[in-house]
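Take a look at the structure set out below.
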Amino acid sequence: MLSNASKYAILSTLYLAQHSNEQRKISVKEIAENIDVPNPFLAKLFQQLVRGKIISSTKGPHGGFYLSERNKKKNVLDIIDNIDGLNKLNGCFMGLHECDSTNPCPVHFIVEPFKNNLFTKFRDLTIIEFAQEISDFNTLLTLKNVNPSFKTP
C-alpha cells in the first residue's frame, strides 16, 4: 500500500522525532545509516519533506535536519501525501483500477476495515504522538542501537 519512498520518509521523520531537536540536528548520513536506507535516496526525500514543511533543516557546520514545534504537529498522513499523494493509500489493495464497495475486488471487504483504521491513525496522531507511542510500546525504528538515552524535550 505504501511505496518505499513513503516508508523511508515515515521512518526517517519518526527517527528525527525521537533523536533530534532544534539544538541537536542530524545529518542525512547518520539517519540513512541508522535506518538502513540509501543515503542519496534519503537526501532526495528530505529535500521534498523540507519543501513540504514536514521537517526542517539548517545549513552550516552545526546544520542538519530536525523537527520544529510546527513540524511535530504534522501527522503521518501529511508525510504520505507529501511523498506519494493519498491515491496510493486509498487505492485497491489488489491494484485494480475500479474497486469500491459497489464494485469490490476479491479482498476489498477484508482489507477495507484495516485501511480505514490505518488512515484514521495516520490522520489523527501527530508525528510527536506517534513517536511517543514508539517509545511507550518499545517498538523499533531500526535494529541498530542508536543513542537510546536521547529523549526529545
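Counting only residues that are more than 15 Å from L14 (Cβ to Cβ) and either surrounded by 10 or more Cβ atoms within 10 Å (Cβ to Cβ) or at pLDDT 90 or above (or both), how many does segment 129-153 have?
Of the residues in that region, 0 qualify.
Search segment 15-47 for residues being acidic (D, E) and assigned to a helix (DSSP H, G or I), and hand back the single one that is surrounded by the most Cβ atoms within 10 Å (Cβ to Cβ). If you could, list the steps in order and put the result at the bottom.
Step one: filter segment 15-47 for residues acidic (D, E), giving 22, 30, 33, 36.
If we keep only those that are assigned to a helix (DSSP H, G or I) as well, we get 30, 33.
Values: E30: 18, E33: 15.
Of everything passing the filter in segment 15-47, E30 is surrounded by the most Cβ atoms within 10 Å (Cβ to Cβ).
Scan N117, N90, N82 and give me the residue that is at negative phi and touching a Gly at 6+ places or on another chain (Cβ under 8 Å). Give the steps one after another, and end with the answer.
Details: N117 fails: touching a Gly at 6+ places or on another chain (Cβ under 8 Å); N90 fails: touching a Gly at 6+ places or on another chain (Cβ under 8 Å).
When all the criteria are applied, what remains is N82.
Being closer than 25 Å to L45 by Cβ, crowded, with 17+ Cβ neighbours inside 10 Å and out of contact with any Ser or Thr (no Cβ under 8 Å at 6 or more places or on another chain) narrows it down to one residue among N75, N87, N71, N82; which is it? It would help to see each step written out before you state the result.
On the way: N75 fails: out of contact with any Ser or Thr (no Cβ under 8 Å at 6 or more places or on another chain); N87 fails: crowded, with 17+ Cβ neighbours inside 10 Å; N71 fails: out of contact with any Ser or Thr (no Cβ under 8 Å at 6 or more places or on another chain).
Step by step, each of N75, N87, N71, N82 is checked, and only N82 is closer than 25 Å to L45 by Cβ, crowded, with 17+ Cβ neighbours inside 10 Å and out of contact with any Ser or Thr (no Cβ under 8 Å at 6 or more places or on another chain).
Hey, C105 hits all of (1) surrounded by 12 or more Cβ atoms within 10 Å (Cβ to Cβ); (2) closer than 30 Å to L14 by Cβ but one; which does it fall short on?
(2)
Residue check: is E112 of a type in the set (D, E, K, R), on the phi < 0 side of the Ramachandran plot and in contact with a Phe, Trp or Tyr (Cβ under 9 Å, 6 or more places away or on another chain)? Full working, then the answer.
Details: of a type in the set (D, E, K, R): yes; on the phi < 0 side of the Ramachandran plot: yes; in contact with a Phe, Trp or Tyr (Cβ under 9 Å, 6 or more places away or on another chain): yes.
So E112 fits the description; yes.
Out of (1) part of a helix (DSSP H, G or I); (2) surrounded by fewer than 16 Cβ atoms within 10 Å (Cβ to Cβ); (3) at pLDDT 95 or above, the odd one out for K53 is which?
(1)
For the condition among the polar types (S, T, N, Q) and surrounded by 15 or more Cβ atoms within 10 Å (Cβ to Cβ), what is the one hit in T126, T120?
Details: T120 fails: surrounded by 15 or more Cβ atoms within 10 Å (Cβ to Cβ).
Checking each option against the conditions leaves just T126.
Being farther than 14 Å from S6 by Cα and touching a Lys or Arg at 6+ places or on another chain (Cβ under 7 Å) is true for just one of F114, F65, F109. Which residue is that? Break it down into steps so the answer makes sense when it comes.
Numbers: F114 fails: touching a Lys or Arg at 6+ places or on another chain (Cβ under 7 Å); F109 fails: touching a Lys or Arg at 6+ places or on another chain (Cβ under 7 Å).
Checking each option against the conditions leaves just F65.
The values are calculated or read from the model by the stated rules, or taken from the named source; none is laboratory data. Bear in mind the structure is a predicted one, so any value in this text is a computation, not a measurement. Don't worry about glycine lacking a Cβ; one is built from the backbone with ideal geometry, like all the others, and counts go over all protein chains shown.
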